Amino acid sequence: MTTDLRAPAGARTSTIVDLLDKAVTLVRSIAPSIIVQLVARVALAVPFWRSGILKWDGFLQINDTAVTLFSDEFMLHLPGGPYPFPAPALFAFLSGSGEIIFPILLVLGLGTRFAALGLLFMTLIVELTVPDGWPIHLTWAAMALGIMAWGPGAISLDALITRFFRGNRHGKQSLTGSDR
């Protein structure tokens, strides 16, 4: 008489599912969403900030190099082109402003989805200007889209403001400890 010591097929499947669940739990513990969302915001902000800071000579004073880039170097690679940027001084100013303001908002987590949308739009313009840079531009677009879809996370001014107003709306005590 022989006995079959193997587990039934359903039990093996259950064991595999349990192992996969444990693996997923382990991976999630390494990358909690509260940290991932913060890191994504900072990672997207850094390259734009670094580019933007180089365009300024002082408060609201765009430097000549930035204007020269938009006048002589940067071209829009559209069908039938490339074409020069219209109003290069204006584009240099808008670019420099966006590259400073949107990253600050992202890092603070204030108006985060709109700041990510602004950087996504800027990424599209950069892609039209430097089409060979698509691998890094695709990365920026993916980060911006992720931030737009899943928001800034709990470590953000957006979350703090939301908690404050939801708390007051439901008659709870405000974050300052006083309702006055």
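The values are calculated or read from the model by the stated rules, or taken from the named source; none is laboratory data. As the structure is a computational prediction, the values presented were derived from the model and not from experiment. Cβ sites come from the backbone with ideal geometry, for glycine too, and all protein chains shown count toward neighbours. Accessible surface areas use protein heavy atoms only, side chains included; no ligands, DNA or RNA. Shrake-Rupley method; radii C 1.70, N 1.55, O 1.52, S 1.80 Å.
Structure data summary
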quantity: Qualifying helices (runs of 4 or more DSSP H) (wholly inside segment 13-112; at least 3 residues being over 23 Å from residue 152 (Cα atoms)); calculated: 64-68, 88-108
quantity: In segment 72-84, the residues that are under 26 Å from residue 61 (Cα atoms) and in contact (Cβ under 8 Å) with a residue 24 or more places away in the chain; calculated: 74, 75, 76
quantity: Leading residue by the ranking (nearest to residue 129 (Cα to Cα)) among those in segment 64-97 that are open to solvent by 50 Å² or more (accessible area, probe 1.4 Å) and of a type in the set (Val, Ile, Thr); calculated: 68
quantity: Residue 62, sole failed condition from (1) at pLDDT 90 or above; (2) touching a strand residue (DSSP E or B) at 6+ places or on another chain (Cβ under 7 Å); calculated: (1)
quantity: Yes/no for residue 118 being within 25 Å of residue 72 (Cβ to Cβ), in contact with a helix residue (DSSP H, G or I) (Cβ under 7 Å, 6 or more places away or on another chain) and of a type outside the set (Ser, Thr, Tyr); calculated: no
quantity: Selection from segment 43-63 of residues that are basic (Lys, Arg) and exposed (fewer than 13 other Cβ atoms within 10 Å of the Cβ); calculated: 50
